[in-house]
Amino acid sequence: MASKKEASISRGVFQDADCERPACDEMKAVLPESMAELEEMKKKYDRQKKVECPPGSAELGLGTWKLLHSMTAWYPDQPTSQQKGRMTNFFQTLADFYPCTYCAEDFQTNLEKSPVEAESRTDLCLWLCNQHNQVNQKLGKPLFDCNMKNLDERWRKSSASKCNK
Ligand code: FAD
């Protein structure tokens, strides 16, 4: 003999008997009333399912710059020698393993010409801003006006009401 749950599923999906709590009323409104409707919903979901692709260089770059500028915006004003060493290593490792090959090669060259400046938050933020501007220049993008007021406004604490909800 079919259990109560099986019986209720075979009649459709979720019968009143399964569902005494008020929240169920909302659920019933969105749940299918029959197995056929459920199958149709599944097919529709599969058709609409968003395919998530591996990032290309622009998407990867945008995400990476967001992380890097946010990290430098919150770097200590007076870092310990261990923090300075770790931050320097972090950028060297990033340049070694950055998964856009031609971006990584140029970044390595730029690091050799202009090594990481991790003595203080200000030094590091301005150094990274200049690194980013070198890439901007190469790609013909607008340059950012690198000063701490602009950088903190963009990456640490914005004064725009939209950003403070
Ligand atoms: P992005 O350049 O990603 O910038 C994101 C946001 O940062 C901007 O909207 C702006 O608000 C802010 N911003 C812009 N400039 C500065 C700055 N100087 N200081 C602080 N904030 C700033 N792409 C290539 O095609 N070729 C490359 O060789 C290449 N090299 C890269 C090397 C590295 C290390 C990284 C992280 C990315 C590299 N990219 C490269 C990707 C490229 O820099 C961009 O990220 C990508 O083109 C997307 O650009 P975007 O217009 O969305 O804004």
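Residues that are more than 17 Å from Met71 (Cβ to Cβ) and among the aromatic types (Phe, Trp, Tyr): does segment 124-139 have at least one? Checked against the condition, which is being more than 17 Å from Met71 (Cβ to Cβ) and among the aromatic types (Phe, Trp, Tyr), segment 124-139 yields no hits at all. Check segment 20-37 and report whether any residue there is of a type in the set (D, E, K, R), closer than 28 Å to Lys138 by Cβ and either within 30 Å of the chain's Cα centre (by Cα) or modelled with pLDDT of 85 or more (or both). The answer is no; no qualifying residue exists. The set of residues in segment 130-159 that are without any contact (Cβ under 8 Å) to a residue 12 or more places away in the chain and among the hydrophobic types (A, V, I, L, M, F, W, C) comprises Leu139, Leu143. Scanning segment 53-84 for residues that are exposed (fewer than 14 other Cβ atoms within 10 Å of the Cβ), touching a residue at least 24 places away in the same chain (Cβ under 8 Å) and more than 12 Å from the ligand (Cβ to nearest atom) returns Trp74, Pro76, Asp77, Gln78, Gln83.
Annotation: of all residues in segment 118-132 being closer than 10 Å to Pro79 by Cβ and touching a Ser or Thr at 6+ places or on another chain (Cβ under 9 Å), the one that is surrounded by the fewest Cβ atoms within 10 Å (Cβ to Cβ) is Arg121.
Kindly indicate whether Ala95 is under 22 Å from the mean Cα position of the chain (by Cα) and surrounded by fewer than 16 Cβ atoms within 10 Å (Cβ to Cβ). Here the answer is no, as Ala95 does not meet what is asked.
The values are calculated or read from the model by the stated rules, or taken from the named source; none is laboratory data. Just so it is clear, the model here is predicted, and its values are computed rather than measured. Here Cβ is always computed from backbone atoms with ideal geometry, including for glycine, and neighbour counts include all displayed protein chains.
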